[in-house]
Amino acid sequence: MIIKKRTKPIKLFMFEALFRRLDLEHPKRQIASEVYAKSMAGYRGERSLDFPLSFLSEQKYHIFHDLRLYDGSHYFQIDCLLLSSNFIVIIEVKNITGTPIFDSTFNQLIRINDDKDERAFSSPIVQVNRHVDQLRKWLALHKYPSIPIEPLVIIGNDKSVIKSTENEKSQTLSQFVLPYYVLPDKIKELEVKYITHLLTKESHHNLSVQLQLQHHPLKFNILQHFHIPESDLIKGIQCTNCKFYSMHRSFGTWACSKCMTISKDAHLQALHDYYLLIGNTINNRQMNDFLHINSPHITKHLLNALCSTTIGTNKGRKYVLNFDFE
């Protein structure tokens, strides 16, 4: 049973909004594009779990995607957690192109591309083992009994050739580093290994609820992260057809002065961008500026139609934007 679904991370929506609003020649665009590509590859890798996880019993397993917990000292983020009454599995997913080589001597992951370029990354094995320790600490903090926790590193790219720098350790490595498509077989192995029910049906349910309640989404401000001032953003309403920021209000609709496209709700994309890049509250002046609207009456009408919650009164009134990107 999937308790916490995998959804496209809001961070990716933020990047996409940034690229819509950032000039092609902006000095921060290239580095933002590189970070976005890595984040998108990670998301695709996590999605590779969907098919193998579908073979697991919904009665036995509660599944949590992208779970972020606090162990009393540090936050830790788990790509996927499987909870049964007998054991827990923590999964760290890596979507790696080329050949990943696990170096147990220096605790590195070395990637070799088709062009023979080598690059070192921090070891996902070290990372997932640290998460095991942190989850044990979290369970103790919330008064849950000790339960076996199995770490797995899943390679989400079925074209990756997984290697180890030390042949004698390859067999040990293969116990918890594996391609995504053998995950159901690995879970069957663990079911044979752990036959004792350590959680009652009630405690299994309660722990599942607690994990869900204790999830702390990561707060991310993309402009601050890349040190991009708000003044660098392209403002206005983007045409849904030609993509120029050339929409203006005409007789209750938006009309593009470039290609003459008509839209009833083109302003919604602009407000989505504002929400993702700047914040979830907006006043009349800020909307006039960001959407390039010259009429306070139109601004007030649009905000009243969209926002059911406001903060403050009169000139100090702010409208609360509430968009669900899941």
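The values are calculated or read from the model by the stated rules, or taken from the named source; none is laboratory data. Here the structure is a predicted model, which is why all the values come from computation and not from measurement. Glycine gets a Cβ as well: all are built from the backbone with ideal geometry, and neighbour counts include every protein chain shown. Note: accessible area is taken over every heavy atom of the protein model, side chains too, but ligands, DNA and RNA are not part of it. Shrake-Rupley method; radii C 1.70, N 1.55, O 1.52, S 1.80 Å.
Miscellaneous remarks
- If you check LEU12, LEU49, LEU18 for being at pLDDT 95 or above and closer than 18 Å to ASP79 by Cβ, only one passes: LEU12.
- The number of residues in region 106-132 that are open to solvent by less than 90 Å² (accessible area, probe 1.4 Å) and among the hydroxyl-bearing types (Ser, Thr, Tyr) comes to 1.
- Count of residues meeting criterion [out of contact with any Phe, Trp or Tyr (no Cβ under 8 Å at 6 or more places or on another chain) and of a type in the set (Gly, Ala, Ser)] in region 258-305: 3
- Residue in region 23-33 that is part of a strand (DSSP E or B), free of Cβ contacts under 8 Å to residues at least 60 places away in the same chain and among the polar types (S, T, N, Q) present: no
- The one condition in (1) of a type in the set (Ser, Thr, Tyr); (2) modelled with pLDDT of 95 or more; (3) out of contact with any Asp or Glu (no Cβ under 9 Å at 6 or more places or on another chain); (4) open to solvent by 30 Å² or more (accessible area, probe 1.4 Å) that TYR61 fails to fulfil: (4)
- Of the candidates LYS264, LYS258, LYS201, the single residue that is basic (Lys, Arg) and in contact (Cβ under 8 Å) with a residue 60 or more places away in the chain is LYS201.
- Qualifying helices (runs of 4 or more DSSP H) (wholly inside region 209-322; at least 1 residues being at pLDDT 95 or above and under 24 Å from the mean Cα position of the chain (by Cα)): 222-225, 266-277
- Answer residue from region 73-84, given it is open to solvent by less than 40 Å² (accessible area, probe 1.4 Å) and over 15 Å from GLN210 (Cα atoms) and is farthest from the chain's Cα centre (by Cα) among those: PHE76
- Residue in region 112-133 that is under 20 Å from LEU211 (Cα atoms) and of a type in the set (A, V, I, L, M) present: yes
- Check on LYS8, surrounded by fewer than 17 Cβ atoms within 10 Å (Cβ to Cβ), over 24 Å from ILE125 (Cβ atoms) and in contact with a helix residue (DSSP H, G or I) (Cβ under 7 Å, 6 or more places away or on another chain): yes
- Residue list for region 203-241, restricted to those being open to solvent by 40 Å² or more (accessible area, probe 1.4 Å) and among the β-branched types (Val, Ile, Thr): VAL209, ILE234, THR240
- Matching residues in region 14-43 - criterion: being open to solvent by 40 Å² or more (accessible area, probe 1.4 Å), closer than 24 Å to GLU92 by Cα and not β-branched (Val, Ile, Thr): SER33, GLU34, TYR36, ALA37, LYS38
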